[in-house]
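Before any comments, here is the structure.
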């Protein structure tokens, strides 16, 4: 802290005060700050040894403080009991107007009398954290307005009893408390009642959490009339319970002994939870007992997770075979609102699917990571099912017959390697979305996917089709794709025959088209160019593609995004691209055979232009007529086609003044940035990567609005831009974010290596939207044409981490 803070006598807000040892930095500096208000956190109180100095802070006189945190040092708690902590905390008593109090790393064996005194009638939130020497809790039940109480890491407390409730006070204990959490109470053994009437202990409590209390035994509070949620985790010794289950809505048990589960519902009253979540490390549990299940008359939601030895949900003969209440739920993963009836089976490795009863009234069903699942039971299930997700079911071989008769709207199948085909017949007319991912043996799509001219006249609402990672799939069924289809994604299906004129309607509603890793796609169907609703085209890794839309004319009037990545044989772009007046983003990367380029005939309303590794195009920027792009904001270039670029931009090239971001990379002959950059008044970000000959910046100044300036792997610039010593430091020192790196900085290389590994992993497993991922990493590094190049660069990064490098500056 600055010294002599106490001289700021009119100061009203000081969120944090760090107590120092030097003169002018002690806690007594708070004495004159009588006008402090709002929140104040006093840190490093271990530097206060004399309680008289704490008295001088005069916290009691600061009546406008509403939130106070008092924090000592964790390292001090490792030794003996710190005796001076008690008088110091006693001397830091605040004004009674306080609303929130937090005490952390306090080393005394007990709390002073003011903590929990009923005169603090305004306190609504209180936290006691990591006070590991304290052997008993203060009388917090005496705080009449206390609403939230969090007690964590009081390792020396063994008993919570009448003193905690404030027995003897005229105030009813915890009359306003709504949330109570105990965490990391490692020696806590017993929880006694107040000794009075049970109903008066926690009359308003709605949420109770016990987490990591490994020694806690005995009973919980027996009557919580307002409680709606109880969470118990890592409490393996808590095996006893009262005859009343004190919860109305949700009970969650994790990493507790299975005996806890049994006792929780022994002699349970009708006040059983409507939501029950059980999971995590109950390794011995193989079946839910009939006695337990019969106690759950009001249960509507049941979630089971991480039960490695579970073989059946309940035993036969319990009368529960037709039990329709439990619904194994994961609303967040399925993405459906809480009003839906949803079901999920997840991670049940030993659970045979024929032993599971699935409720007949389900709307949503998600079955995930069930390796023994062979088939889906059909009886009763399909009558109401609208959303079905099957994920990571290694043994799944077939789907239910008669799927066309159910009201199914969404069907998602992922990582089911033994699934070969769909059942015969039509898909449900209600189906809107079909997603098939990484089903490597799938050889055919459902017949009902396509519309046949002589087929049944069935209305089709099909809008979204996604097929990813199905290398055995060779063709679509005969017929045409639905006219209502809006989204079509086909990735990593190397043998699948490409789209043809015969598959498409002239009046389709297609809006988004993405094709990746299609080795046989050589050209686009001409009718696509007339699709009035098409807004985005994304093509990547299509090695046979040579041309797209040879004649554009006036169609594609709504196309906003065109992305082409790693199409090594592509020779031409659409003609008359200046007529694509809606096009805003144009990205062409790793297309080394591309010859024709619009140059002066760019789409006029572009906001983003990225050209990387297109070796055969004309790289003379002065021929591109960039100044005509009145809305261009992002501009990015890299690769051999710009081999002759010595200065950027050159004298004849005029850049649009609307630019806010420029990224240039791998220009081997680039030596300088030209004076023209000064005219880009809106430029906020400039990044230059892998330009080994770059040695000169504009002589006067860079653009005035520049907020980030990054030069990486440009060795000649490292020393010239080094902090304070470099000749160019005066030109860049005012920029808020300056990154200068010559490629050998260890921390950056490690970070780069991690990014490369993550990207490579994603590419091998998912191959999801290659170019979109690449664009999101644009400001980190340029793209690579081939996977081998990426692996080689990764190896270079690993070597660079171990090697000594030049001096680097990251400001």
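The values are calculated or read from the model by the stated rules, or taken from the named source; none is laboratory data. Nothing here was measured: the structure is a model prediction, and the numbers come from that model. Ideal geometry is used to build each Cβ from the backbone, glycine not excepted, and the neighbour counts take in all protein chains shown.
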Only one of 574, 555, 550 is more than 23 Å from residue 471 (Cα to Cα), in contact with a helix residue (DSSP H, G or I) (Cβ under 6 Å, 6 or more places away or on another chain) and either part of a strand (DSSP E or B) or modelled with pLDDT under 85 (or both), namely 555
Taking the stretch 192-234 and keeping residues modelled with pLDDT under 75 and closer than 24 Å to residue 254 by Cβ leaves 218, 219, 222
With respect to residue 126, determine if the residue is surrounded by 19 or more Cβ atoms within 10 Å (Cβ to Cβ) and either within 20 Å of residue 208 (Cα to Cα) or under 36 Å from the mean Cα position of the chain (by Cα) (or both). yes
How many of the residues in the stretch 727-738 are over 15 Å from residue 698 (Cβ atoms) and buried (at least 18 other Cβ atoms within 10 Å of the Cβ)? 1
Residues of the stretch 505-525 that turn out to be modelled with pLDDT under 85, over 19 Å from residue 572 (Cα atoms) and touching a strand residue (DSSP E or B) at 6+ places or on another chain (Cβ under 8 Å), as a count: 1
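How many residues are more than 20 Å from residue 165 (Cα to Cα) and surrounded by fewer than 17 Cβ atoms within 10 Å (Cβ to Cβ) when one looks only at the stretch 97-121?
Residues meeting the conditions: 1.
Residues are listed down the side, and each one gets a yes or a no for (1) in contact with a strand residue (DSSP E or B) (Cβ under 6 Å, 6 or more places away or on another chain); (2) modelled with pLDDT of 95 or more; (3) part of a loop (DSSP other than H, G, I, E, B):
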| residue | (1), (2), (3) |
| --- | --- |
| 69 | yes, yes, no |
| 80 | no, no, yes |
| 86 | no, no, no |
| 96 | no, no, yes |
| 101 | yes, yes, no |
Filter the stretch 405-424 for residues that are modelled with pLDDT of 85 or more and not in a loop (DSSP other than H, G, I, E, B); which is farthest from residue 373 (Cα to Cα)? 410
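Consider the stretch 512-523. How many of its residues are over 18 Å from residue 587 (Cα atoms) and crowded, with 18+ Cβ neighbours inside 10 Å?
In the first step, residues of the stretch 512-523 are kept if they are over 18 Å from residue 587 (Cα atoms); the result is 518-523.
Then keep just the ones that are crowded, with 18+ Cβ neighbours inside 10 Å; that gives 518, 521.
Matching residues across the stretch 512-523 total 2.
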For the stretch 138-148, name all the residues that are touching a strand residue (DSSP E or B) at 6+ places or on another chain (Cβ under 9 Å) and either closer than 15 Å to residue 172 by Cα or surrounded by 23 or more Cβ atoms within 10 Å (Cβ to Cβ) (or both). 140, 143, 146, 147
If residue 156 satisfies every condition in (1) outside any loop (DSSP other than H, G, I, E, B); (2) under 28 Å from residue 108 (Cβ atoms) but one, which is the exception? (1)
Quick check, is residue 528 at pLDDT below 85 and in a loop (DSSP other than H, G, I, E, B)? no
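Residues to consider are 427, 445, 496; find the one that is farther than 21 Å from residue 535 by Cβ, in contact with a helix residue (DSSP H, G or I) (Cβ under 8 Å, 6 or more places away or on another chain), surrounded by 20 or more Cβ atoms within 10 Å (Cβ to Cβ) and at pLDDT below 90. Lay out the reasoning, then the answer.
Values: 445 fails: in contact with a helix residue (DSSP H, G or I) (Cβ under 8 Å, 6 or more places away or on another chain); 496 fails: in contact with a helix residue (DSSP H, G or I) (Cβ under 8 Å, 6 or more places away or on another chain).
None of the other options fit; the residue is 427.
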Given the conditions (1) part of a loop (DSSP other than H, G, I, E, B); (2) under 24 Å from residue 544 (Cα atoms), report the number of the one that residue 483 does not fulfil. (2)
Scan the stretch 577-588 for residues that are modelled with pLDDT under 90 and in contact with a strand residue (DSSP E or B) (Cβ under 9 Å, 6 or more places away or on another chain) and jot them down. 577, 580
Candidate set: the stretch 6-51, residues that are in a helix (DSSP H, G or I) and surrounded by fewer than 19 Cβ atoms within 10 Å (Cβ to Cβ); chosen: the one nearest to the chain's Cα centre (by Cα): 47
